[in-house]
Amino acid sequence: VQLQASGGGLVQPGGSLRLSCAASGRAFSSYTMAWFRQAPGEEREFVGRISRNGGSWYYADSVKGRFTISRDNAKNTAYLQMNSLKPEDTAVYYCAASSKWYSGTYNERDMDYWGKGTQVTVSS
């Protein structure tokens, strides 16, 4: 599976962005999809994940209530809708796919495939 994230950019605090993660290859619906982010000088951190059929979600506390992950298996695409953005959300955002299933958080070692990141900058 090859993944390509897009949709990043510069947004003012309180604004919104939607990131997309397009997958090529077979069996997109067989993978849990997750989003991670990495701020300058920081380690990459888990943002959230969505189950294979799109019926289950889990989010990091830092984004809960503001970010929403969705997927369209017919289009082989996952999304990260980010609302009420804060300067501390500034980071490179990565989508990733995992063949594993956990009800909670994922770490980098759980992921089988990664997309190249897309930069999100929240600044006035």
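The values are calculated or read from the model by the stated rules, or taken from the named source; none is laboratory data. Treat the numbers as computed from the prediction; the structure is a model and nothing was measured. Note that we place each Cβ from the backbone using ideal geometry, even for glycine, and neighbour counts take in every protein chain shown. Just so you know, the surface numbers come from the protein's heavy atoms only, side chains and all, with ligands and any DNA or RNA stripped out. Shrake-Rupley method; radii C 1.70, N 1.55, O 1.52, S 1.80 Å.
With T32, T90 as the choices, which residue is of a type in the set (S, T, N, Q), surrounded by 14 or more Cβ atoms within 10 Å (Cβ to Cβ), within 23 Å of V122 (Cβ to Cβ) and modelled with pLDDT of 95 or more? Before the answer, list the steps.
Numbers: T32 fails: within 23 Å of V122 (Cβ to Cβ).
Residue meeting the stated conditions: T90.
Examine the range 54-64 for a residue that is in contact with a Ser or Thr (Cβ under 6 Å, 6 or more places away or on another chain) and over 13 Å from L19 (Cα atoms), and state whether such a residue exists. Step through it out loud before you land on a result.
Start the filter on the range 54-64 by keeping residues that are in contact with a Ser or Thr (Cβ under 6 Å, 6 or more places away or on another chain), which leaves none.
Scanning the range 54-64, I find no residue that is in contact with a Ser or Thr (Cβ under 6 Å, 6 or more places away or on another chain) and over 13 Å from L19 (Cα atoms), so the answer is no.
Here is a yes/no grid of residues against (1) touching a residue at least 24 places away in the same chain (Cβ under 8 Å); (2) part of a loop (DSSP other than H, G, I, E, B); (3) open to solvent by 30 Å² or more (accessible area, probe 1.4 Å):
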{"site": "R26", "(1), (2), (3)": "yes, yes, yes"}
{"site": "F36", "(1), (2), (3)": "yes, no, no"}
{"site": "E42", "(1), (2), (3)": "yes, yes, yes"}
{"site": "V47", "(1), (2), (3)": "yes, no, no"}
{"site": "R52", "(1), (2), (3)": "yes, yes, yes"}
{"site": "G55", "(1), (2), (3)": "no, yes, yes"}
{"site": "V63", "(1), (2), (3)": "yes, yes, no"}
{"site": "L80", "(1), (2), (3)": "yes, no, no"}
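Return the residues of the range 88-124 that are among the charged types (D, E, K, R) and over 12 Å from the mean Cα position of the chain (by Cα); say none if nothing qualifies.
Within the range 88-124, E88, D89, K100, E108, R109, D110, D112 meet the criteria.
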